[in-house]
Amino acid sequence: MFIGLSTSAQIIYQPTFFGGSYLMDGQYVGETQFKSMLLKNPMAYNMWNEGTANLTTGYIVLYSSSAVLGWGIGTSLGNSIVDDYGYSSDDSSGTPFIVVGGIGLIGAYYLMTKAQEKRERALFHYNDKKDAVGLKPIMNNNGGGFVITF
């Protein structure tokens, strides 16, 4: 009979300006090791991947909306300049770009906030399952046994 002990590492994610760092038991680990640890809990892994996909979509919307907003502001400023003859154009052709860019920025902020919440929930779910004490029967070539998880 085999009796094994398995201790579970707590995962902590620290977001940085670009990306983030992963801590397990106070040690920095790479993303591949982090993902392999997260694979042990499929629900947490799927939630993390959904959050990452939403975060990527949020960045795409953020950058494109910023470009549209900048284009609208530049167009509005360019049209308000007085030319050499004293004429000024009151054309408001940049206003739709400003509105669309602003709405896009709000949408990007919402997407990125929800993505971060989903990633935090995934880690909470993973760490919450790791706190549980369990007794699991196993079978191998040498016979059977139990693994105690805590």
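The values are calculated or read from the model by the stated rules, or taken from the named source; none is laboratory data. Keep in mind it's a predicted model, so treat the numbers as computed, not measured. Glycine gets a Cβ as well: all are built from the backbone with ideal geometry, and neighbour counts include every protein chain shown.
The condition of being buried (at least 16 other Cβ atoms within 10 Å of the Cβ) and modelled with pLDDT of 85 or more holds for only one of Val29, Val68, that being Val68.
Note on the stretch 9-22: residues that are assigned to a strand (DSSP E or B) and in contact with a strand residue (DSSP E or B) (Cβ under 7 Å, 6 or more places away or on another chain) total 7. Restricting the stretch 23-63 to residues that are over 18 Å from Ala122 (Cα atoms) and in a helix (DSSP H, G or I), the residue that is farthest from the chain's Cα centre (by Cα) is Tyr63. Total residues in the stretch 73-121 satisfying the condition of being small (Gly, Ala, Ser), surrounded by 15 or more Cβ atoms within 10 Å (Cβ to Cβ) and modelled with pLDDT of 90 or more: the figure is 5. Residues in the stretch 45-63: is at least one modelled with pLDDT under 80, more than 14 Å from Arg119 (Cβ to Cβ) and not charged (D, E, K, R)? Looking for residues that are modelled with pLDDT under 80, more than 14 Å from Arg119 (Cβ to Cβ) and not charged (D, E, K, R), one finds none in the stretch 45-63, hence no.
Inside the stretch 48-71, residues that are in contact (Cβ under 8 Å) with a residue 40 or more places away in the chain and hydroxyl-bearing (Ser, Thr, Tyr) make up a count of 5.
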